[in-house]
Number of protein chains: 2
Amino acid sequence: MAKRLSSTPKQDGFRMPGEFEEHAKTWMFWPERTDNWRLGAKPAQKAFVEVATAISKFEPVTMCVSNNQYSNAREMLPDHIRVVEISNDDSWARDMGPSFVVNDKGVVRGVDWEFNAWGGLVDGLYFPWDKDDQAAEKICEIENIDSYRSQGFVLEGGSIHVDGEGTCIVTEACLLSEGRNPDLSKEEIEDKLKTYLNVEKVIWLKNGIYLDETNEHVDNIIQIARPGVVLLAWTDDKNDPQYELSKSAYDVLKHETDAKGRHFEIHKVHIPSNVLITKEESEGVDKVDGTLPRQEGDRLAASYVNFYIVNGGVIFPKFGDEIHDQLAEEVLNKVFPERDVVGVYAREILLGGGNIHCITQQQPQGKK
Amino acid sequence: MAKRLSSTPKQDGFRMPGEFEEHAKTWMFWPERTDNWRLGAKPAQKAFVEVATAISKFEPVTMCVSNNQYSNAREMLPDHIRVVEISNDDSWARDMGPSFVVNDKGVVRGVDWEFNAWGGLVDGLYFPWDKDDQAAEKICEIENIDSYRSQGFVLEGGSIHVDGEGTCIVTEACLLSEGRNPDLSKEEIEDKLKTYLNVEKVIWLKNGIYLDETNEHVDNIIQIARPGVVLLAWTDDKNDPQYELSKSAYDVLKHETDAKGRHFEIHKVHIPSNVLITKEESEGVDKVDGTLPRQEGDRLAASYVNFYIVNGGVIFPKFGDEIHDQLAEEVLNKVFPERDVVGVYAREILLGGGNIHCITQQQPQGKK
């Protein structure tokens with residue numbers, strides 16, 4: 001039923017909707033690799049269950065799980081969460097999953113990006129990544145959804161944000177990184193985004209979050225609440241290396257307009273106080289050559305804007321930093337008065353290198 | 001979405017429909033184990049593609065494939081056949097898959113039989129079989145279909161035939177075999193069938209096809225065309241060991257009535273001339289301790305009634321025995337005047353121990 005299309009979304013009149021548009025369901029992947037997730041991934045699995053359960057109060061969730069972990073995942077997850085077998089190298093649905101696009105008639109298709117574990121042999125986070133790279137195709141097959149393959153163009157879903165109305169926001173640090181598309185110029189990359197997401201304007205931030213191992217994905221420094229409204233990870237501490245990064249992003253957004261010519265309404269969301277890997281946390285992770293190590297004292301790229309918008313809700317990460325957790329919740333409640341704002345304690349997800357937005361992927365509703 | 005139910009189909013008013021009732025789709029599994037399928041399973045894969053393609057002209061087909069074979073299967077199969085990842089130990093959808101049941105409202109559920117590779121540690125055909133045993137649950141999860149697990153009761157879908165109107169036909173050779181449910185009496189087994197299939201009457205044939213390695217599954221010796229109409233594998237050669245087996249089945253069916261009190265209309269389908277494994281075929285199979293060997297000169301359990309009924313069609317196996325291939329086609333055309341009868345050359349499937357009915361599983365239409 002599902003075809004691999006040789007055309008492009010732009011040619012066919014398909015666009016990527018904003019995350020705030022209606023979803024059919026959410027896709028997630030089950031964490032298990034013991035060289036990234038401490039203690040056999042058991043604490044992370046519990047956190048993923050909490051996130052999945054929180055989302056499932058707003059929309060259906062499908063969890064993709066390897067054969068080895070299938071029974072365990074099925075047992076740990078509530079009945080109403082669908083569990084399907086998809087082999088994987090790790091559990092970042094945002095980056096491995098398809099970016100779904102829709103047309104005016106509500107037909108849904110997938111964009112299956114070439115994936116190389118955030119930098120391939122240059123500065124990728126693990127090797128190999130062939131199972132991850134095949135995951136998007138498998139999701140589209142399960143759903144009988146036709147897909148486009150971005151042959152010769154490497155991208156992760158977490159490195160783009162769209163407003164569904166012609167605008168895409170990215171970071172130079174990530175999209176111009178040496179490990180992804182070294183042979184493409186900035187203009188050529190912009191052209192790929194316009195082709196596969198069917199956007200008219202690409203806004204380039206310089207950076208993302210300090211020490212973000214994804215080469216600073218945009219989805220850790222901003223989120224788009226709705227067209228023209230952006231949330232920005234922020235710090236007031238001018239001595240924090242994050243300050244310059246956030247300030248620079250603020251300046252770009254302040255002076256830019258989106259594809260429709262709107263100026264951005266920018267909501268700052270203060271990052272939590274430094275989150276460092278503890279000795280105990282570091283010791284729980286297998287040491288494996290070729291996988292990014294998790295060392296005691298390393299600063300984690302903690303950011304509240306790595307939240308996920310669901311039908312009628314917002315699921316955001318909490319870090320046990322009471323002051324900033326509460327400030328983030330207040331901003332979210334202000335920006336999303338029409339949605340329920342739900343916090344989930346997410347330190348265990350952050351320890352693996354990302355957060356709630358990174359481990360989720362929305363499939364738009366389309367028409368039935 | 002999919003629940004594991006602790007009740008039974010009988011309690012809940014669900015029955016297994018006849019194969020001739022309308023299907024939503026067909027499930028198959030991709031062959032790959034090189035200790036069962038010769039030459040790296042390549043010839044078998046081609047035969048499975050032919051069967052899947054033939055079925056897909058009548059109804060949708062989903063092929064379940066391990067991660068290792070996913071790309072190859074996706075490449076070899078036509079686009080319109082859905083390919084989903086499900087780990088497996090071998091490729092017998094009839095036996096590993098769920099037996100689907102429906103209720104009056106058209107709700108579809110699955111019966112997930114306990115599976116032990118046709119006899120477990122007594123006379124099973126390979127070890128281990130844990131992936132096969134989990135396949136039915138995974139299919140139900142993909143489809144969001146609730147399922148029953150036959151805890152403590154081992155059965156394969158190929159060892160039962162139902163008419164959808166209260167009758168089930170089985171063989172004693174298989175259902176009373178030592179490797180399946182040695183602690184259950186014949187009456188207790190009959191009771192399980194009545195509970196899980198929601199039938200009123202179980203008809204016991206003594207045997208199936210001579211040397212059938214499944215302990216003589218019923219689906220290799222008979223098929224039910226519609227309520228009251230049965231096709232029976234037959235030989236006129238009284239010196240063939242099959243003669244007594246078929247004659248005995250004929251006598252049972254001739255004197256029995258079905259659950260509705262109907263006498264059976266019996267159509268004999270002559271088996272092909274002896275099909276023996278060649279030296280070349282035997283040499284193409286890996287020799288592995290614990291897996292049934294494929295030895296030169298071994299007689300295969302070839303039978304035309306191992307055909308599969310699809311929406312508007314019948315897909316039956318041909319063996320290159322021109323006389324009997326043609327006779328079988330004539331009988332099928334007579335019994336199914338309203339369906340297209342399609343033959344597929346199936347020697348490569350037979351070499352693995354079964355045939356077209358064994359490698360397919362219908363999911364009934366239900367209501368949407």
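The values are calculated or read from the model by the stated rules, or taken from the named source; none is laboratory data. Being a predicted model, the structure only gives us computed values, none of them experimental. Cβ placement follows ideal geometry from the backbone for every residue including glycine, while neighbour counts extend to all protein chains displayed.
Within region A:115-124, not a single residue is of a type in the set (D, E, K, R) and crowded, with 23+ Cβ neighbours inside 10 Å. If the condition is being surrounded by fewer than 23 Cβ atoms within 10 Å (Cβ to Cβ) and touching a Lys or Arg at 6+ places or on another chain (Cβ under 7 Å), then region B:103-113 contributes B:K105, B:G106.
Condition first: in a strand (DSSP E or B) and surrounded by 18 or more Cβ atoms within 10 Å (Cβ to Cβ). Now tell me which residues in region B:268-312 satisfy that.
At the first step, the residues of region B:268-312 found to be in a strand (DSSP E or B) are B:268-270, B:276, B:299, B:308-310.
Those that are in a strand (DSSP E or B) and surrounded by 18 or more Cβ atoms within 10 Å (Cβ to Cβ): B:V269, B:H270, B:Y308, B:I309, B:V310.
Quick one: would you say B:D89 is part of a loop (DSSP other than H, G, I, E, B) and within 12 Å of another protein chain (Cβ to nearest Cβ)? In short, yes. Starting from residues that are surrounded by fewer than 22 Cβ atoms within 10 Å (Cβ to Cβ) and within 14 Å of chain A (Cβ to nearest Cβ), keep the ones in region B:1-31 and report whichever is farthest from the chain's Cα centre (by Cα). Of everything passing the filter in region B:1-31, B:M1 is farthest from the chain's Cα centre (by Cα). B:F115: touching a residue at least 40 places away in the same chain (Cβ under 8 Å), away from every other protein chain (no Cβ under 14 Å) and farther than 23 Å from B:Q45 by Cβ, yes or no? Answer is no for this residue.
Can you work out which of the residues in region A:254-284 that are among the aliphatic types (A, V, I, L, M) and in contact (Cβ under 8 Å) with a residue 60 or more places away in the chain is nearest to A:P337 (Cα to Cα)? It would help to see each step written out before you state the result.
Step one: filter region A:254-284 for residues among the aliphatic types (A, V, I, L, M), giving A:259, A:266, A:269, A:271, A:275-277.
Of the ones still in play, those that are also in contact (Cβ under 8 Å) with a residue 60 or more places away in the chain are A:259, A:269, A:271, A:275, A:277.
On the way: A:A259: 25, A:V269: 16, A:I271: 21, A:V275: 29, A:I277: 35 Å.
Ranking the candidates gives A:V269 first.
Applying the criterion of being part of a helix (DSSP H, G or I) and of a type in the set (A, V, I, L, M) to the residues of region B:125-178, the residue that is farthest from the other protein chains (Cβ to nearest Cβ) is B:A173. Tell me whether region B:18-32 contains one or more residues that are farther than 29 Å from B:I145 by Cα, modelled with pLDDT of 95 or more and not in a loop (DSSP other than H, G, I, E, B). No, region B:18-32 contains no residue that is farther than 29 Å from B:I145 by Cα, modelled with pLDDT of 95 or more and not in a loop (DSSP other than H, G, I, E, B).
Within the group A:E137, A:E143, which residue is under 26 Å from A:P364 (Cβ atoms) and more than 19 Å from the chain's Cα centre (by Cα)?
Details: A:E137 fails: more than 19 Å from the chain's Cα centre (by Cα).
That would be A:E143, the only listed residue that is under 26 Å from A:P364 (Cβ atoms) and more than 19 Å from the chain's Cα centre (by Cα).
Of the residues A:E256, A:E265, A:E322, the single one that is over 23 Å from A:V218 (Cβ atoms), at pLDDT 95 or above and either of a type outside the set (F, W, Y) or in contact with a Lys or Arg (Cβ under 9 Å, 6 or more places away or on another chain) (or both) is A:E322.
Scan region A:66-76 and tell me whether some residue there is closer than 26 Å to A:S159 by Cβ and at pLDDT 95 or above.
So the first thing to find is which residues in region A:66-76 are closer than 26 Å to A:S159 by Cβ, and the list is A:66.
When the remaining residues are screened for being at pLDDT 95 or above, the result is A:66.
Yes: region A:66-76 contains one or more residues that are closer than 26 Å to A:S159 by Cβ and at pLDDT 95 or above.
Just checking, which of A:K206, A:K287, A:K201 is in contact with a Ser or Thr (Cβ under 7 Å, 6 or more places away or on another chain), over 29 Å from A:E338 (Cα atoms) and basic (K, R)?
Details: A:K287 fails: in contact with a Ser or Thr (Cβ under 7 Å, 6 or more places away or on another chain); A:K201 fails: over 29 Å from A:E338 (Cα atoms).
Going through A:K206, A:K287, A:K201 in turn, the sole match is A:K206.
So which residues in region B:256-292 are closer than 18 Å to B:Y210 by Cβ and either of a type in the set (D, E, K, R) or under 21 Å from the mean Cα position of the chain (by Cα) (or both)? Can you show your working first?
Start the filter on region B:256-292 by keeping residues that are closer than 18 Å to B:Y210 by Cβ, which leaves B:268-277, B:292.
Answer for region B:256-292, where residues must be closer than 18 Å to B:Y210 by Cβ and either of a type in the set (D, E, K, R) or under 21 Å from the mean Cα position of the chain (by Cα) (or both): B:K268, B:V269, B:H270, B:I271, B:P272, B:V275, B:L292.
Just one of the listed residues (A:V61, A:V51, A:V65, A:V83) is of a type outside the set (D, E), crowded, with 21+ Cβ neighbours inside 10 Å and more than 14 Å from chain B (Cβ to nearest Cβ), and it is A:V51. Of A:F48, A:F58, which residue is part of a loop (DSSP other than H, G, I, E, B) and touching a residue at least 12 places away in the same chain (Cβ under 8 Å)? Among A:F48, A:F58, only A:F58 is part of a loop (DSSP other than H, G, I, E, B) and touching a residue at least 12 places away in the same chain (Cβ under 8 Å).
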